[in-house]
1. Just to check I understand the Karplus step: with θ = phi - 60° and J = 6.51 cos²θ - 1.76 cosθ + 1.60, what whole-Hz values come out for region 82-87, glycine and proline as x?
2. Considering amide H positions built from the backbone, and no H for Pro or chain starts, which residues 5 or more places from residue 8, or on another chain, come under 5 Å of its amide H?
3. What range in the chain is the longest one free of trypsin sites (Lys or Arg not before Pro) that are in a loop by DSSP and have at most 13 other Cβ atoms within 10 angstrom?
4. Out of 40, 93, 6, whose Cα points farthest toward the positive end of the dipole of the chain (charges: +1 Lys, Arg; -1 Asp, Glu; placed on Cβ)?
5. Using alpha carbon coordinates only, what is the Rg to Rh ratio of the chain, with Rh defined as the Kirkwood radius?
6. Between 0 and 90 degrees, rounded to the nearest ten: what's the tilt of helix 25-47 against the longest Cα principal axis of the chain?
7. Using the Cα centre as the reference, give the magnitude of the dipole from point charges on the C-beta atoms of region 2-102 (Lys, Arg: +1; Asp, Glu: -1; all else neutral), rounded to the nearest 20 debye.
8. Highest GNM mean-square fluctuation, the chain, Cα pairs closer than 10 Å: which of 36, 60, 81?
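The numbers here are math on the coordinates, done by the rules we state, and not lab data. Since the structure is predicted, the reported quantities are computational estimates derived from the model, not experimental observations. Cβ atoms come from the backbone with ideal geometry, glycine included; neighbour counts cover every protein chain shown.
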Amino acid sequence: RLGSIIYFLPFFFVLNPALVLHGDVVTILLEVGSAMVGIVLIASGLQGYLVFLGSFTRDMSATLARVLLVAGGLALAYPEMISNFVGLAAIPGAAMLHQRRVA
């Protein structure tokens with residue numbers, strides 16, 4: 001499951017020309033950084049383990065958190081600033097679902 005992220009990478013490059021270093025330096029750095037975070041979120045959602053949060057069990061809130069992480073990672077791959085904010089909002093959303101399950 002962790003290796004399945006390599007099938008998403010070509011779409012990241014097609015959607016975002018800054019990932020092939022086309023554009024100014026600030027845009028390239030922002031887009032490469034957001035793509036890296038997006039890759040981590042997609043892989044975490046597919047694997048069921050997020051760094052600093054731990055493992056997600058097999059209940060409804062964990063499944064929702066995993067779907068939220070994958071959707072957030074895909075939103076980070078899209079080259080718009082608003083989608084980057086939406087994608088980053090998936091991290092605290094998944095953390096709240098994880099804490100709700102633990103408590």
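1. Karplus values, whole Hz, x for Gly and Pro: 5, 5, 5, 5, 5, x.
2. Residues meeting the criterion, in which the H sits 1.01 Å from N, do not exist here.
3. Answer - 2-57.
4. My answer, from the dipole projection, is 93.
5. Here Rg/Rh amounts to 1.02.
6. Taking the Cα atoms of the chain, the angle to 25-47 is about 30 degrees.
7. So the magnitude is around 460 debye.
8. For the chain, modelled as a Gaussian network with Cα springs under 10 Å, the answer is 60.
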